[in-house]
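**Student:** After the structure tokens below, expect a handful of questions from me.
Every number here is computed from the coordinates shown, using simple stated rules; none is lab data. This structure is a prediction, so every number in the text was calculated from the model and none was measured. Ideal geometry is used to build each Cβ from the backbone, glycine not excepted, and the neighbour counts take in all protein chains shown.
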Amino acid sequence: MECNAIKEFIESRLAGAEAHVEGDGRHFEAKVICDQFAEKSLIQQHQLVYGVIKEEMANDSIHALSLKTFTQDAWRQANQ
């Protein structure tokens, strides 16, 4: 699977999300920015993302995915 495909899966299935994905075809790292993460624990944030790509993970298109999740405000602060 390609990074762009994972980006599109996340952005099209998680309303308002922006994803930045890097990887080697099986192992990926995604930074996902979405205001739906507000007031959710880190585990809940990751569950939201994994929930939208569970089929791809189940059929082994994505072997491993490392996540970093941010609200819009947290993303701006992290990139100042």
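**Student:** Using Cα atoms only, what is the angle between the long axis of helix 3-13 and the major principal axis of the chain, expressed in degrees (0 to 90) to the nearest 10?
**Tutor:** 60
**Student:** Given the -39500 (n - 2.57) contribution per DSSP H run of 4+ residues, what per-residue ellipticity at 222 nm results for the chain, rounded to the nearest 500 deg cm²/dmol? It would help to have the intermediate numbers written out before the result.
**Tutor:** Working: 4 runs with 34 residues, N = 80.
Calculated mean residue ellipticity at 222 nm is -11500 deg cm²/dmol.
**Student:** Let me ask something else about it. Place a +1 charge on the Cβ of each Lys and Arg in the chain and a -1 charge on the Cβ of each Asp and Glu, then give the dipole magnitude about the Cα centre in debye, rounded to the nearest 20. Walk me through the numbers before you get to the answer.
**Tutor:** Details: 8 positive and 13 negative charges, 41 e Å.
I would put it at about 200 debye.
**Student:** Work out how far the C-alpha atoms of the chain reach from end to end along every principal axis, then list the three figures in whole Å, largest first.
**Tutor:** Sorted from largest, the Cα extents of the chain read 33, 23, 20 Å.
**Student:** Scan around F28 for amide H atoms under 5 Å from its own, H built in the peptide plane at 1.01 Å from N, and keep only partners 5 or more places away or cross-chain.
**Tutor:** A64, L65, S66
**Student:** Over the chain, what relative contact order in percent results from Cα pairs under 8 Å that are six or more residues apart?
**Tutor:** Values: 114 pairs, mean separation 26.2, N = 80.
Once normalised by length, the contact order is 33 percent.
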